[in-house]
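The values are calculated or read from the model by the stated rules, or taken from the named source; none is laboratory data. The shown structure was predicted, so the numbers you read here are calculated from the model rather than taken from an experiment. Cβ placement follows ideal geometry from the backbone for every residue including glycine, while neighbour counts extend to all protein chains displayed.
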């Protein structure tokens with residue numbers, strides 16, 4: 001589909017960069033996702049920080065290699081912090097990732113997410129229904145009705161990327177990564193991952209670690225999702241259920257070696 | 001004790017319904033319990049959401065199959081959200097569960113919990129001292145002093161159920177479920193479960209999943225506690241300590257099959 | 001270095017006291033650390049409570065055997081609760097522990113931490129850069145520049161302890177515990193522990209459990225860190241990565257017996 005598809009060797013190089021640089025990733029993320037996001041970042045070799053107060057979020061964002069804004073659990077104070085941190089990130093060219101959790105569910109989520117969009121997130125990562133809702137809220141016409149939600153979401157992602165000027169990722173059975181012109185497919189993962197809370201949020205945190213160290217957001221995003229999916233796939237192969245999947249995923253992220261990445265990553 | 005005691009086959013049917021329907025359970029729960037509650041709900045086949053902001057909690061409650069309100073970590077804003085969500089649930093006949101964590105410990109908790117009671121929770125679940133404190137705060141006379149706290153708690157539960165018109169569950173070595181007229185005893189669980197944080201809160205979340213899909217709150221509550229206890233018992237049998245108990249419980253909830261439920265559930 | 005160095009038998013006695021007494025430890029700690037702190041306290045035999053609201057934090061602190069204040073995730077409301085709970089603890093001689101997470105990172109953190117210091121924390125526990133930042137913010141002169149950060153941190157810890165009149169612990173490859181006059185070295189732990197979020201915060205919670213039951217804060221702090229380090233070391237020896245390290249640590253804390261403590265603890 002695109003000339004920009006990173007090879008497995010590119011993915012390994014990107015992961016190796018994260019581990020060597022140990023980038024500081026500033027997360028304003030939901031209560032449920034904090035623990036797993038922090039542990040995923042640590043297992044991947046990055047350095048997480050969770051800083052939410054209006055009194056410090058924007059100041060802290062200046063120190064970060066990347067900022068991850070996740071609207072999973074909102075409040076007016078946090079929404080302000082999100083805007084402040086995203087604004088600083090945008091102005092200072094710190095890459096930032098938007099995770100529009102459950103954006104279509106309430107009017108308040110739509111408002112906060114659409115307030116954040118003009119600050120041009122480097123990457124937006126969501127599932128199909130979130131990307132559809134966000135693209136719709138951002139003014140996308142309804143277009144041809146589609147019964148194929150994932151095809152429809154790809155179209156919405158492309159339109160949304162054109163609008164933000166950044167990358168949009170739709171994660172699901174297959175992950176889609178687009179910058180509005182080129183579109184990549186990232187395979188991997190396991191259905192059992194959907195039975196562990198905050199896995200999508202943790203994937204967004206991973207994207208944060210990779211955009212902090214990689215020059216190219218498309219490559220960074222696809223690489224992050226490929227590594228996360230591979231670790232999840234390997235963890236699921238040994239897991240007896242969602243409880244063991246979770247800790248095995250962290251062990252896999254920490255232990256993944258070059259050969260496993262070269263053999264396991266599938267991006268097209 | 002009662003004609004309403006669900007058989008193991010009824011419990012299995014109730015659990016199977018949860019897994020098939022995957023009900024959306026809206027939790028306003030404490031920071032410590034969010035992760036485990038969400039993961040317990042996912043492992044059990046339900047779909048958890050944690051939504052707390054005043055700006056959206058009541059709106060979101062309309063979408064839910066059940067609402068779980070847990071006062072473990074309070075603030076004035078959250079107390080408002082709890083009241084708003086419970087009010088919507090009560091008006092729209094969405095079943096809702098109240099978990100009055102540590103209700104007797106501070107005046108503030110007493111106030112919030114007693115403000116919630118008139119909204120008629122479908123189920124109240126607490127430990128013996130919480131149910132005693134809540135029944136006392138709700139105007140229960142002291143009655144005959146009892147050195148047997150659990151017998152006293154059963155009496156308090158019956159009075160509290162008569163007042164709310166709903167079900168009250170007292171969990172402990174043996175769980176008691178009453179609607180003020182009939183009273184069930186649910187056996188199961190393991191003492192090691194008390195060495196893992198938020199296990200009681202997670203049990204309340206389970207009750208939320210079951211009341212979302214079952215017609216009868218008594219059956220739903222007893223079934224939820226029986227399944228949770230059985231999974232905990234099976235997890236404890238293999239666990240080397242509280243760390244492994246926690247993830248094994250999630251694996252067990254996910255993997256429990258019909259035969260295990262038929263053989264393992266003990267309700268009288 | 002000091003006559004106060006507890007023997008392994010003293011450490012075991014201190015741990016045994018925690019398990020027998022099951023002290024109530026009131027934590028005002030960050031969102032990321034709550035789950036692990038609560039589970040560490042439960043695994044160690046203590047009884048954790050997480051209570052943050054201004055409406056109840058000070059009241060609750062009166063009930064506690066110890067209070068742990070951790071500034072990891074701040075807000076103005078929480079800062080007030082921290083001050084209120086620390087003030088009550090200080091007045092009523094309830095031991096309290098300050099964990100100045102990332103204190104140097106933002107102006108807001110410096111302000112909150114330096115507001116708390118005059119309330120004379122029984123123990124301050126941080127890593128080298130936190131203790132350096134806090135001692136600096138509290139008026140420490142720059143002194144001789146040192147390229148050896150850990151030696152510099154020991155000096156800062158001694159000055160900080162002299163100022164608070166309490167104990168200061170600097171955790172790292174080797175943990176340092178000082179009351180300004182005597183200084184102990186506690187060995188143990190494993191580098192993999194740094195790849196699990198909130199391990200330092202959990203160590204502070206452990207210190208809370210020990211100061212709640214032990215008469216001597218130096219002995220309590222060194223014992224808590226020794227037991228925590230030993231459990232971490234034993235967990236790491238069996239762990240395949242940070243995911244399994246975390247639950248194994250809880251299992252080890254729960255299962256540690258006298259012989260293991262006598263054989264494994266190294267304090268000088």
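Worth a mention:
- Single residue of C:166, C:180, C:172 found to be over 15 Å from residue C:65 (Cβ atoms), at pLDDT below 95 and either over 10 Å from the mean Cα position of the chain (by Cα) or within 14 Å of another protein chain (Cβ to nearest Cβ) (or both): C:172
- The requirement of being crowded, with 24+ Cβ neighbours inside 10 Å, within 14 Å of chain B (Cβ to nearest Cβ) and either in contact (Cβ under 8 Å) with a residue 40 or more places away in the chain or part of a helix (DSSP H, G or I) (or both) is satisfied by residue C:245.
- For residue A:152, the criteria (1) under 23 Å from residue A:225 (Cα atoms); (2) modelled with pLDDT under 95; (3) under 19 Å from the mean Cα position of the chain (by Cα) hold in every case but one, which is (3).
- Condition broken by residue B:250, with the remaining ones in (1) within 14 Å of chain C (Cβ to nearest Cβ); (2) part of a loop (DSSP other than H, G, I, E, B); (3) crowded, with 24+ Cβ neighbours inside 10 Å satisfied: (2)
- Condition check for residue C:33: more than 9 Å from chain B (Cβ to nearest Cβ) and under 19 Å from residue B:195 (Cα atoms): yes
- Among the residues of segment A:253-268, those that are touching a residue at least 24 places away in the same chain (Cβ under 8 Å) and either in a helix (DSSP H, G or I) or under 30 Å from residue B:36 (Cα atoms) (or both) comprise A:253, A:254, A:256, A:258, A:260, A:261, A:262, A:263, A:264.
- Residues that are farther than 20 Å from residue B:121 by Cα, at the interface with another protein chain (Cβ under 10 Å from one of its Cβ atoms) and in contact with a helix residue (DSSP H, G or I) (Cβ under 9 Å, 6 or more places away or on another chain) are absent from segment B:17-26.
Here is a yes/no grid of residues against (1) modelled with pLDDT of 95 or more; (2) under 19 Å from residue B:201 (Cβ atoms); (3) crowded, with 24+ Cβ neighbours inside 10 Å:
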position: B:87; (1), (2), (3): yes, no, no
position: B:97; (1), (2), (3): yes, yes, yes
position: B:108; (1), (2), (3): no, yes, no
position: B:123; (1), (2), (3): yes, yes, yes
position: B:126; (1), (2), (3): yes, yes, yes
